[in-house]
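Contents: one structure, followed by commentary.
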Amino acid sequence: MRVLFIGGPGAGKGTQSARMADFFGLTHLSSGDLLRKHVAEGTPLGQRVKDFMDRGDLVPDQIVMDMLRKPVLAASKTGGYILDGFPRTAEQAAAAYLVASELGVEVQVAVHLRVDDRVLVERLMGRGRGADDNDRTVIEHRIEVYNKQTTPLVEYYAVREELITIDGGRSVDEVSWDLVSALQSRSVALAARAAQPS
Ligand code: AMP
């Protein structure tokens, strides 16, 4: 199964996508984690993206697309993937679809973890990142970037009938239970569709 997660900063995307990847035997691919690793290691890619990330802005599309191509292909050959943090814009989604559909590795399920902005701010401040005004400004900017650039993706996948919406405002375990059952039924439906004679 090939899945992606959409959710604001602090929505629980990282935690839940890692849990679901474990549960369903899928490869967890987090664009944010991969980018942070490049920054920490000081690679040329890391040096190009650091300032964007520090400000809470998105990094250029092409960098993320190039970085993910190989891991997505590899994961698709071994049971599937959960993409966490990609795509982030409708443009990334459309560009990725063009490349992936030719190779038969396009997304089948989009999960939207819905959480109120107010709760997102509380959670992020609670992580200790909101200690000073600068942190607070970056947190608010990241939420603004999410609302402006990423939420149009929800509609994009709803129109394609690939969307599952989950209330992410509850406890981690409650959200996981809901996700397991929603993804399980989607996986059964996908298997049934694949088994139909064409
Ligand atoms: P995340 O851990 O998913 O919140 O990502 C952390 C940061 O990495 C974001 O604030 C962006 O600067 C960058 N990033 C992650 N994924 C993408 C993406 N698909 N497109 C552009 N920038 C991204």
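The values are calculated or read from the model by the stated rules, or taken from the named source; none is laboratory data. Note that this is a predicted model, so its numbers are computed, not measured. Every residue, glycine as well, gets a Cβ built from its backbone with ideal geometry; the counts of neighbours run over all protein chains shown. For accessibility, only protein heavy atoms count, side chains too; no ligands or nucleic acids. Shrake-Rupley method; radii C 1.70, N 1.55, O 1.52, S 1.80 Å.
Okay, here's what the table says:
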item: Any hit, the stretch 72-80, residues being open to solvent by less than 20 Å² (accessible area, probe 1.4 Å) and outside any helix (DSSP H, G or I); result: yes
item: Selection status of Y157, more than 14 Å from the ligand (Cβ to nearest atom), of a type in the set (F, W, Y), in contact (Cβ under 8 Å) with a residue 24 or more places away in the chain and open to solvent by less than 80 Å² (accessible area, probe 1.4 Å); result: yes
item: Residue within the stretch 60-73 that is of a type in the set (V, I, T) and more than 10 Å from the ligand (Cβ to nearest atom) present; result: yes
item: Residues being touching an Asp or Glu at 6+ places or on another chain (Cβ under 9 Å) and either more than 16 Å from the ligand (Cβ to nearest atom) or within 21 Å of F24 (Cβ to Cβ) (or both) - total across the stretch 99-115; result: 7
item: Residues being part of a helix (DSSP H, G or I), surrounded by 17 or more Cβ atoms within 10 Å (Cβ to Cβ) and out of contact with any Phe, Trp or Tyr (no Cβ under 7 Å at 6 or more places or on another chain) - total across the stretch 81-97; result: 1
item: Single residue of the stretch 54-66 satisfying the filter (farther than 24 Å from A11 by Cα and not charged (D, E, K, R)) that is least open to solvent (accessible area, probe 1.4 Å); result: I63
item: Members of the stretch 1-59 found to be part of a helix (DSSP H, G or I), polar (S, T, N, Q) and near the ligand (Cβ under 8 Å from one of its atoms), listed by number; result: S31
